[in-house]
Amino acid sequence: MVQNIVNGLSLGAIYALFAFGLSIAWAGLNILNLAHGAIFMVGALTAWLLTEVWADVPFVVVLPAAVLVCAVLALAMELLVFRPIRHRARDEHQQTLTTVIATVATAALLIAVAEHLTGGQPRALPQSLFEVRTFDLGIARITDIQLVILALAAVAGPALAWFLGRSLQGRALRALAVDRDMARLTGVSADRLSALTIAVTGALAGLAGVLLAVQINAIEAHMGETLLFKAFAIIIIAGVGSIGATVAAAVVLALVETLVAAYWVSSMRDVVVFALIMAFLVVRPQGIAGRGWQRA
Amino acid sequence: MSWFAANAPMLRTISVLALLGYSVQIALRAGVFSFATVGFYATGGYLAANLLKGGWGRYPTLLVVLVAAVLLALLLAPALSRLRFLYLAMATLAFTLFVQSLAVSWATYTGGAQGLFAIPRVLPQPEMLALVAVVIVLVWATQRGATGRAITALRHDALLSASAGVDVARRQVNAFVGSAVVGALAGFVQVSTFGVFGPADIGFSVVVDALTVLVVGGAMAWPGPLLGAVLLGGLPAYVSSAGDWNLVVQAIVVLVLVVYRPDGLAGVVAQAARGLAARRTRRPAEVSG
């Protein structure tokens with residue numbers, strides 16, 4: 001039982017890292033980035049390319065390198081896709097719709113390229129990249145990768161909460177979310193802020209991608225889709241834009257999944273997740289955090 | 001007739017793509033951005049496959065598939081009806097991802113990762129084309145007259161159109177159910193003409209295909225999905241194919257179109273027609289102004 005909770009917590013930490021980016025881009029910029037799962041996959045893919053295909057780079061270099069690649073990729077999306085759409089759109093509704101379709105196309109593009117690179121096969125990282133050691137705590141065992149995951153999530157969560165709640169950029173982002181025109185009048189640059197925010201969400205997706213790749217050691221082009229489903233459940237449970245509620249929902253979801261797999265049938269996991277989604281949509285569609293600061 | 005026989009696979013592909021595109025369009029015109037189309041396509045396809053394999057005829061199967069789609073849509077509608085635009089997009093995509101996951105794990109019914117084979121190919125080509133034509137006529141009919149104006153109005157301003165007497169909630173549920181029925185019909189056509197159905201047929205690429213058809217053809221005009229389906233399904237047969245890179249090219253085309261041409265090709269054609277008409281009627285005195 002304690003063992004399942006430990007495993008659930010580390011899975012929940014990865015879910016939370018992934019869901020943060022989706023939630024922030026939505027709350028702050030009104031962008032539902034369906035390419036977020038593909039960017040996550042690119043993080044894992046970068047780790048594989050750096051270690052197995054091109055060179056034998058150590059983990060301490062792979063992790064920041066993959067995070068950087070994903071941040072740059074997300075920035076490229078902002079410059080090539082989101083920004084032109086924002087500048088050309090007739091109204092906000094059209095901008096929202098066009099942006100969602102564009103993120104689906106971007107995801108398709110990244111997945112198609114990844115299919116070529118992996119040859120359509122699941123790929124594994126070399127054993128030497130991360131020597132997994134197990135520590136016996138008496139009541140449960142924990143691996144060092146699980147410790148790394150929990151530590152990174154423990155740093156990233158509060159850092160993001162500080163960024164959104166206290167920093168000048170974070171305040172500007174919240175102002176932008178509430179009233180775009182008013183924020184612009186007070187000197188907030190939507191373009192600069194979007195670029196910064198999107199780059200941060202890309203970095204988070206990349207971080208989650210590398211960590212999950214090391215944890216489960218299977219990298220394939222469609223790996224982001226499963227995670228997107230989980231992140232949707234987390235956002236529906238948590239509500240958009242709240243870091244604390246996102247963490248809580250991610251941990252609860254991961255624990256539920258782990259326990260269903262342990263004590264029932266593992267193939268029932270997604271059924272339970274979907275049941276949770278429908279239940280929250282009926283009972284509390286705004287999520288546990290309520291509306292918070294995102295646009296109405 | 002020989003052209004129809006020679007191009008049977010291409011016509012099957014175009015038919016399924018057109019139905020998928022219309023399914024998304026029917027919902028979208030009423031302001032419901034729904035990714036559930038692929039979920040209904042999948043559930044309709046698997047249901048049809050199992051019934052046909054069980055020896056059912058094509059019309060009883062079609063009837064059951066469509067009724068099941070209506071019931072499933074009405075079951076989901078209460079949960080979806082209170083959601084705003086992006087939430088709705090996310091929740092309907094969650095439904096589709098859930099159905100995809102179920103298709104792999106519920107192997108006794110779906111054939112698991114391999115899918116279902118040797119499904120009787122019971123739908124003759126003329127009947128397939130007739131089904132598509134019926135859908136197009138119905139879509140065309142709902143885009144004109146009072147119904148068409150009410151739907152257009154509620155998409156542009158739900159609150160204002162409600163105050164003008166449009167029953168917004170009912171129209172949107174109707175649109176969602178209509179979208180579900182056409183999505184399930186696409187599944188039935190796919191299964192009963194190709195004879196195979198599996199996770200590869202309902203994956204993320206189908207979501208991309210449906211959106212491609214919509215974006216290429218033009219999201220709102222009734223000929224849009226047909227135009228998009230003909231281009232997406234028909235062009236590879238004539239133009240030298242990009243081979244393995246087809247998907248990459250397709251994704252780039254969609255990206256360029258949504259960023260720079262949100263009206264799609266139908267919009268380009270309409271704009272050109274307007275331009276020609278304007279040139280013909282324009283007088284020199286007006287041009288100077």
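FYI, it's all coordinate maths here, none of it is from the lab. All values derive from a computational prediction rather than experimental measurement. With ideal geometry, Cβ positions are generated from the backbone for all residues, glycine too; neighbour counts draw on all protein chains shown.
Computed from phi, the 3J(HN,Hα) profile of region B:116-125 under the Karplus parametrisation 6.51, -1.76, 1.60 (θ = phi - 60°) reads 10, 10, 6, 7, x, 8, 9, 9, x, 4 Hz, with x in place of Gly and Pro.
Please report the relative contact order for chain B, taking Cα pairs under 8 Å with a sequence separation of at least 6, and give it as a percent rounded to a whole number.
Answer for chain B is 33 percent.
For the residues B:ARG261, A:ARG174, what sequence is obtained by ranking on other C-beta atoms within 10 Å, fewest first?
Going from least to most buried by this count: B:ARG261, A:ARG174.
Each of B:VAL249, B:VAL213, B:TRP106 was scored by the projection of its Cα onto the charge dipole of region B:3-288, and the greatest displacement toward the positive side belongs to B:VAL213; charges sit on the C-beta of Lys, Arg, Asp and Glu.
Amide H contacts of B:LEU116: B:PHE197, B:GLY198, each under 5 Å away and 5 or more positions distant or on a separate chain (H built 1.01 Å from N in the peptide plane; Pro and chain starts excluded). Relative to the longest principal axis of the Cα atoms of chain B, the long axis of helix B:168-194 lies at roughly 50 degrees. Other residues within the sphere of radius under 13 Å centred on the Cβ of A:ILE198, judged by their own Cβ, net out at +1 (K and R +1, D and E -1).
Per the helix-only calculation at 222 nm, which mean residue ellipticity applies to chain B, given -39500 (n - 2.57) for every DSSP H run of n ≥ 4 and division by its residues, nearest 500 deg cm²/dmol?
Taking each H run of at least 4 residues, the total per residue is -25000 deg cm²/dmol.
Here region A:120-206 is treated with +1 on each Lys and Arg Cβ and -1 on each Asp and Glu Cβ, and its dipole about the Cα centre works out to around 220 debye. Maximal additional length on extending the B:THR108-B:HIS156 stretch stands at 12.7 nm, based on 0.36 nm per residue less the C-alpha distance. Measuring nothing but how far apart in sequence close Cα pairs (under 8 Å, 6+ apart) lie, relative to its length, chain A scores a relative contact order of 38 percent. Stretching A:ALA151 away from A:ALA89 to a fully extended chain increases their span by 18.1 nm, per 0.36 nm per residue minus the current alpha-carbon distance. Calculated on C-alpha atoms, the gyration radius of region B:1-126 divided by its Kirkwood radius gives an Rg/Rh of 1.00.
Around the Cα centre of the protein assembly as shown, unit charges on the Cβ atoms of Lys, Arg, Asp and Glu (plus for the first two, minus for the last two) sum to a dipole of about 1880 debye.
Dividing the convex hull volume of the alpha-carbon atoms in region A:12-226 by its residue count gives 125 Å³ per residue. Under 5 Å from the amide H of A:ARG123 lie the amide H atoms of A:ILE219, A:GLU220, each residue being 5 or more positions distant or on a separate chain, with H modelled from the backbone and absent for Pro and chain starts.
Neighbour counts of C-beta atoms inside 10 Å place B:ILE202, A:ILE24, B:ILE252 in the sequence B:ILE252, B:ILE202, A:ILE24, starting with the fewest.
Between the Cα long axis of helix B:224-238 and the first principal axis of chain B there is an angle of about 70°, rounded to the nearest 10. Taking the longest Cα principal axis of chain A as reference, the axis of helix A:223-238 is set at about 60 degrees. Applying the Kirkwood pairwise sum to the alpha-carbon positions of region B:3-288 produces a hydrodynamic radius of 19.8 angstrom. Largest GNM mean-square fluctuation across B:VAL191, B:VAL248, B:VAL137, computed for chain B with C-alpha springs under 10 Å, falls on B:VAL248. The helix-only estimate of mean residue ellipticity at 222 nm for chain A, built from DSSP H runs of length n ≥ 4 each weighted as -39500 (n - 2.57), is -24000 deg cm²/dmol after division by the residue total.
Placing pseudo-labels 7 Å out from each Cα toward the beta carbon at A:THR134 and A:ASP181 gives an inter-label distance of 6.2 nm.
Using 0.36 nm per residue and subtracting the Cα-Cα separation, the extra length available between A:TYR263 and A:VAL72 on full extension is 64.6 nm.
Write down Rg/Rh for the protein assembly as shown, rounded to two decimals, with Rg from the C-alpha atoms and Rh from the Kirkwood relation over Cα pairs.
Answer for the protein assembly as shown: 0.98.
Converting phi to 3J(HN,Hα) with the Karplus coefficients 6.51, -1.76 and 1.60 and the offset θ = phi - 60°, region B:203-213 yields x, 4, 5, 6, 4, 5, 4, 4, 5, 4, 4 Hz in sequence order, with x at every glycine or proline. Per-residue mean of foreign Cβ neighbours for B:251-257 is 6 (Cβ atoms of other chains, 10 Å radius).
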